[in-house]
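Report on the following structure.
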Amino acid sequence: EPAPKRQHSPSSSPLQVFVKAKKRINDIYDSIDGYVLDVVRFVNNIPTDKDLLTADQAENIQALQKKVKGIKEVLARNHMKVAFFGRTSNGKSSVINAMLRDKVLPSGMGHTTHCFLQVEGVDGDEAFLTVGDDGQRRSVESVAQLGHALHKEKLDESAVVYVHWPKQRCHLLRDDVVFVDSPGIDVTQGLDAWIDAHCLDADVFVLVANAESTLMQTEKNFFHKVSERLSSPNIFILQNRWDQTANEPEFVEGSESVPEGSVVRQQHLERTVAFLVDELGVMTRAQAEKRVFFVSAKECLLQRLAESRAPGALPPVLAEGFQSRFFEFQEFERRFEECISKSAVQTKFEQHTQRGKSIASDLQTALSGLYDRAQAIRAEKATKRSKTKARIESTDQQLNALIESMKDKIYAMTDDVERKVAVALGE
Ligand code: GDP
């Protein structure tokens, strides 16, 4: 009976929480950018001799423009990042491929993939590789070629190879999830440097463990180091290769009433939960129980490949218990999507929301300061003007009085002159 097909309509994926929040905050910053530009233009038009704005204040406003530009760039680049860890050959590449529903990463290459691989979505339908920041595109026609290319490049373990995979081929890439595959934690030396360089911004960590054995000390150490640096890392643990246990007699022990494999599963679960809760102390027991999954990445990938080649076709012949492992893988994906989108919204946008608010209030302070100073200057001018007016008025009066009195004097003088002339003429 074919496995239930999981539908991915874009609106139903929990990843949409992030996608929508990202769009929203980008729109908000576009508006903030517009406001800042308006204010800068306004400020630039203020005549400098007017005392409205000190040079410092003008500079602060101009600096907001740069700040907003910087934040917008960061926001546009933001994505959700998941980092995969585990010992070589536990199936990290297979898990990533199963999630991407395609053979994107070479698997079974053992120690040859010594570097970090980052898979991220790209527009268009052409896949290509870039190495480090050189930006030079290398085409990938096949996974084998990718493996070969990685081998040939002889990259050191701190190098990052970017696999740009068409977004349209996988909803996770389209919704901005970036996958990081790490060199096996058993073969690397510089674990600390690696965590610092590649993991501190990861929203979710997935440990791909081997269900055939218990968690190894190297695997535990890795998470100890991560949780020293991050206060509450989001961890998922995949007990992979669970299909291998399906037919093993020692895994089927237990009483008649206990379903196959469930004793071993219970033991594994208890130990893993104890590690997360008691040893690492990063979550509660109830939370931890929802972070451990028993899966088979290989089966899941085979099933999905078969389905995409011929929808509705019968699945490949897989080991007993495939359905429940497949279901558990899907359950992992659902919880993973919820967790990563929630975490990414918080870590990537919360801080920028606060900064957006503070920029808006800086703008408001600057503008209301300007307004207040403009009012003060106007009031000052008005007083000056009225003083002048009074002065002019009083001058007028004085002038009038002067003219009046001069008139009198002049009349008196003319009278006097007339009189003297009359006397002189002997009249
Ligand atoms: P990585 O080194 O951790 O990336 O491991 P790979 O994904 O390259 O897997 C190593 C080998 O194990 C490959 O041959 C895979 O096909 C195989 N493999 C991966 N996952 C499973 C699984 O769940 N069950 C089985 N039986 N084999 C698996």
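The values are calculated or read from the model by the stated rules, or taken from the named source; none is laboratory data. From a predicted model like this one, the values you see are computed outputs, not experimental measurements. Counting neighbours? That spans all protein chains shown, and the Cβs are built from the backbone with ideal geometry, glycine included. For the accessible areas, the whole protein counts, side chains as well, though only heavy atoms, and no ligand, DNA or RNA atoms are used. Shrake-Rupley method; radii C 1.70, N 1.55, O 1.52, S 1.80 Å.
Identify, please: which residue in the stretch 200-216 is hydrophobic (A, V, I, L, M, F, W, C) and buried (at least 21 other Cβ atoms within 10 Å of the Cβ) and is, among those, nearest to residue 17 (Cα to Cα)? So that I can check it myself, show each step before the final result.
So in the stretch 200-216, the residues hydrophobic (A, V, I, L, M, F, W, C) come out as 200, 202, 204-209, 211, 215-216.
Still in the running and buried (at least 21 other Cβ atoms within 10 Å of the Cβ): 202, 204-209, 211.
Working: 202: 18, 204: 16, 205: 19, 206: 21, 207: 24, 208: 26, 209: 29, 211: 33 Å.
The extreme case among them is 204.
Restricting attention to the stretch 364-383, does a residue exist that is within 28 Å of the chain's Cα centre (by Cα) and open to solvent by less than 90 Å² (accessible area, probe 1.4 Å)? Don't jump to the end; show me each part of the working.
Step one: list which residues in the stretch 364-383 are within 28 Å of the chain's Cα centre (by Cα), which gives 364.
Retained after the next criterion (residues that are open to solvent by less than 90 Å² (accessible area, probe 1.4 Å)): none.
The answer is no, given that none of the residues of the stretch 364-383 is within 28 Å of the chain's Cα centre (by Cα) and open to solvent by less than 90 Å² (accessible area, probe 1.4 Å).
What number of residues in the stretch 270-290 are open to solvent by less than 70 Å² (accessible area, probe 1.4 Å) and either charged (D, E, K, R) or closer than 22 Å to residue 225 by Cα (or both)? Let's see the steps before the verdict.
Taking the stretch 270-290 as the starting set, the residues that turn out to be open to solvent by less than 70 Å² (accessible area, probe 1.4 Å) are 272-277, 280-283, 286, 288.
Applying the additional criterion that residues be either charged (D, E, K, R) or closer than 22 Å to residue 225 by Cα (or both) yields 272-277, 280-283, 288.
Counting residues in the stretch 270-290 that are open to solvent by less than 70 Å² (accessible area, probe 1.4 Å) and either charged (D, E, K, R) or closer than 22 Å to residue 225 by Cα (or both) gives 11.
Being in a helix (DSSP H, G or I), touching a helix residue (DSSP H, G or I) at 6+ places or on another chain (Cβ under 8 Å) and of a type in the set (Phe, Trp, Tyr) is the filter here, so list the residues in the stretch 181-222 that pass it.
Step one: filter the stretch 181-222 for residues in a helix (DSSP H, G or I), giving 191-199, 217-222.
So of that shortlist, the ones also touching a helix residue (DSSP H, G or I) at 6+ places or on another chain (Cβ under 8 Å) come out as 191-192, 195-196, 199, 220-222.
Correct list: 222 only.
Under 7 Å between Cβ atoms, at least 6 apart or on separate chains: pull out the pairs that start in the stretch 289-303 with a residue that is of a type in the set (Phe, Trp, Tyr) and end on any residue that is more than 12 Å from the ligand (Cβ to nearest atom).
Correct list of pairs: 293/331; 293/332; 294/265.
For the stretch 239-258, which residues satisfy the criterion of being modelled with pLDDT under 55 and either within 37 Å of the chain's Cα centre (by Cα) or more than 15 Å from the ligand (Cβ to nearest atom) (or both)?
249, 250, 252, 253, 254, 255, 256, 257, 258
What number of residues within the stretch 96-116 satisfy the criterion of being at pLDDT 85 or above, touching a helix residue (DSSP H, G or I) at 6+ places or on another chain (Cβ under 8 Å) and either more than 9 Å from the ligand (Cβ to nearest atom) or not in a loop (DSSP other than H, G, I, E, B) (or both)? Give the derivation first.
Within the stretch 96-116, the subset at pLDDT 85 or above is 96-105.
Then keep just the ones that are touching a helix residue (DSSP H, G or I) at 6+ places or on another chain (Cβ under 8 Å); that gives 97-105.
From the residues that got through so far, the ones that are either more than 9 Å from the ligand (Cβ to nearest atom) or not in a loop (DSSP other than H, G, I, E, B) (or both) too are 97-104.
The qualifying residues number 8.
Residue 65 passes all but one of (1) in contact with a helix residue (DSSP H, G or I) (Cβ under 6 Å, 6 or more places away or on another chain); (2) of a type in the set (S, T, N, Q); (3) modelled with pLDDT under 90; which number fails?
(3)
The rows are residues; the columns are (1) touching a strand residue (DSSP E or B) at 6+ places or on another chain (Cβ under 6 Å); (2) on the phi > 0 side of the Ramachandran plot.
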| position | (1), (2) |
| --- | --- |
| 284 | no, no |
| 299 | no, no |
| 302 | no, no |
| 312 | no, yes |
| 328 | yes, no |
| 335 | no, no |
| 351 | no, no |
| 365 | no, no |
| 369 | no, no |
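On the basis of being modelled with pLDDT under 80, within 30 Å of residue 267 (Cβ to Cβ) and within 16 Å of the ligand (Cβ to nearest atom), does residue 188 make the cut? Break it down stepwise before answering.
Values: modelled with pLDDT under 80: yes; within 30 Å of residue 267 (Cβ to Cβ): yes; within 16 Å of the ligand (Cβ to nearest atom): yes.
So residue 188 fits the description; yes.
What are the residues in the stretch 298-349 that are surrounded by 20 or more Cβ atoms within 10 Å (Cβ to Cβ), closer than 30 Å to residue 23 by Cα and of a type in the set (Lys, Arg), if any?
Of everything in the stretch 298-349, just one residue is surrounded by 20 or more Cβ atoms within 10 Å (Cβ to Cβ), closer than 30 Å to residue 23 by Cα and of a type in the set (Lys, Arg), namely 348.
Select from the stretch 64-95 the residues that are of a type in the set (S, T, N, Q) and outside any loop (DSSP other than H, G, I, E, B) and write down the one among them that is farthest from the ligand (Cβ to nearest atom).
Keep residues of the stretch 64-95 that are of a type in the set (S, T, N, Q), which gives 65, 78, 88-90, 93-94.
Checking the rest, the ones that are also outside any loop (DSSP other than H, G, I, E, B) come to 65, 93-94.
Working: 65: 46, 93: 3, 94: 3 Å.
Applying the filter and picking the extreme gives 65.
Can you pull out the residues in the stretch 126-158 that are modelled with pLDDT under 75 and open to solvent by less than 20 Å² (accessible area, probe 1.4 Å)?
Those that are modelled with pLDDT under 75 and open to solvent by less than 20 Å² (accessible area, probe 1.4 Å): 146, 147, 150.
Can you pull out every residue in the stretch 289-319 that is of a type in the set (Lys, Arg) and more than 9 Å from the ligand (Cβ to nearest atom)? Steps first, answer last, please.
Applying the first criterion (of a type in the set (Lys, Arg)) to the stretch 289-319 yields 290-291, 298, 304, 309.
If the condition is that a residue be of a type in the set (Lys, Arg) and more than 9 Å from the ligand (Cβ to nearest atom), then 290, 291, 304, 309 are the ones that fit.
Give me the residue from the stretch 384-399 that is open to solvent by less than 90 Å² (accessible area, probe 1.4 Å) and polar (S, T, N, Q) and, out of that set, modelled with the lowest pLDDT.
395
Being in a helix (DSSP H, G or I), within 16 Å of the ligand (Cβ to nearest atom), in contact (Cβ under 8 Å) with a residue 60 or more places away in the chain and under 30 Å from the mean Cα position of the chain (by Cα): is that true of residue 333 here? Please lay out each step first, then the result.
Working: in a helix (DSSP H, G or I): yes; within 16 Å of the ligand (Cβ to nearest atom): yes; in contact (Cβ under 8 Å) with a residue 60 or more places away in the chain: yes; under 30 Å from the mean Cα position of the chain (by Cα): yes.
Considered against the rule, which asks whether it is in a helix (DSSP H, G or I), within 16 Å of the ligand (Cβ to nearest atom), in contact (Cβ under 8 Å) with a residue 60 or more places away in the chain and under 30 Å from the mean Cα position of the chain (by Cα), residue 333 comes out as yes.
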